[in-house]
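Notes for the one structure printed next.
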Amino acid sequence: GPLEEMSIPLFFGFFLLSSIQDKIRCTSMDFLKTLDTLEPFKTHMTDFTGKPDKEVDLEQYFKATGTLHCTTKYCNYGKAEGAKEYAQKQAVKDLYGSTFELALGALFVTPRTVGARVSLTEEQLLLWPDDAEKEAESSVPAAASLPLGSRAHITLGCAEGVEPVQTGLDLLDILALQQEGQKAELVVEMELGSLTYYGEGRWLLLLREPICALACFSSYYK
Ligand code: ACK
């Protein structure tokens, strides 16, 4: 009945504890600030501006998107495909409210989004829907051939007019290029790690030291 549908949230996910949210926001800002000053980034600035000789301030370019989290299942209050089944999964019920250590292995930037890649553990993958990658196929054709959990991310910011769902698609797009073995156009060593350019404004920073973030598996209702 309608009451039952009401109890399904907008989405399930890992919600970062507030102290680590601040730390990650700072790291992300530092990264954007540094990226903005790098010659190789400036060379490809038109990916972001669309016009030559125009500068972009990445810190202003991306708008914050609220509380930092890693979505496991977007449910849209039960209207999304597989939402009810997910809410009833044993692992979801058993692990609801538990705290996990998320490993953030990379940061990535595109003209649409900035985000962090999350590398899920075996246990965390129990909470990952089987079709999360396949669902992205219409946007990223190679998505279904990527390993389970490839889409796991934290949205750190979106360009004007871009929805946060885009961040996971941008990540899959970059991982698909990596899998195809497309030679990266460029690699720059930074203090935080090595930065790779994949063309069309797509940059991925592989962190030298992954960021470990405590997060609570829970759900969000607007
Ligand atoms: O940044 P995100 O992972 O992208 O967190 C938000 C959250 O749900 C609330 O909007 C994500 N989201 C929105 N629509 C979808 C969708 N169709 N598939 C997967 N995730 C989605 C969004």
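Selection of first residues in region 168-195 that are at positive phi and of second residues that are at pLDDT 95 or above and charged (D, E, K, R), restricted to Cβ pairs under 7 Å at least 6 apart or on distinct chains, gives the following pairs, ordered by first then second residue: Gly193/Arg208.
Cβ-Cβ distances below 6 Å connect the following pairs, each with a first residue in region 109-132 that is within 20 Å of Thr67 (Cα to Cα), a second residue that is among the small types (Gly, Ala, Ser) and assigned to a strand (DSSP E or B), and a separation of six or more residues or different chains: Arg112/Ala159; Val114/Gly157; Arg117/Gly105; Arg117/Ala106; Ser119/Ala103; Ser119/Gly105. Can you pull out every residue in region 20-45 that is of a type outside the set (D, E, K, R), in contact (Cβ under 8 Å) with a residue 12 or more places away in the chain and in a helix (DSSP H, G or I)? Ile20, Gln21, Ile24, Thr27, Ser28, Met29, Phe31, Leu32, Thr34, Leu35, Pro40, Phe41, listed by residue number. Being away from the ligand (no atom under 12 Å from the Cβ) and among the charged types (D, E, K, R) is the requirement here; does Asp130 meet it? Criteria met by Asp130. Summed over region 169-203, the residues that are closer than 16 Å to Ala132 by Cβ and either more than 16 Å from the ligand (Cβ to nearest atom) or touching a Gly at 6+ places or on another chain (Cβ under 8 Å) (or both) give a count of 3. Of all residues in region 148-156, one or more are under 22 Å from Cys75 (Cβ atoms), surrounded by 19 or more Cβ atoms within 10 Å (Cβ to Cβ) and hydroxyl-bearing (Ser, Thr, Tyr). Of the listed requirements (1) farther than 23 Å from Tyr198 by Cβ; (2) assigned to a loop (DSSP other than H, G, I, E, B); (3) away from the ligand (no atom under 16 Å from the Cβ); (4) β-branched (Val, Ile, Thr), Ile8 misses just one: (3). Of note, Lys51 satisfies the criterion of being charged (D, E, K, R) and surrounded by fewer than 17 Cβ atoms within 10 Å (Cβ to Cβ). For Glu85, the criteria (1) within 20 Å of Lys134 (Cβ to Cβ); (2) touching a residue at least 12 places away in the same chain (Cβ under 8 Å); (3) not polar (S, T, N, Q) hold in every case but one, which is (2).
Taking the condition of being away from the ligand (no atom under 12 Å from the Cβ) and assigned to a strand (DSSP E or B), how many residues in region 58-87 meet it?
Restricting attention to region 58-87, the residues satisfying the condition of being away from the ligand (no atom under 12 Å from the Cβ) are 58-63, 78, 84-85, 87.
Then drop every residue that is not assigned to a strand (DSSP E or B), which leaves 62-63.
Final tally of qualifying residues: 2.
Across region 113-146, the qualifying residues are those that are β-branched (Val, Ile, Thr) and outside any strand (DSSP E or B), and the one among them that is surrounded by the most Cβ atoms within 10 Å (Cβ to Cβ) is Val140.
The values are calculated or read from the model by the stated rules, or taken from the named source; none is laboratory data. Everything quoted here is computed from the prediction, not taken from an experiment. Note that each Cβ is placed from the backbone with ideal geometry, even for glycine, and that neighbours are counted across all protein chains shown.
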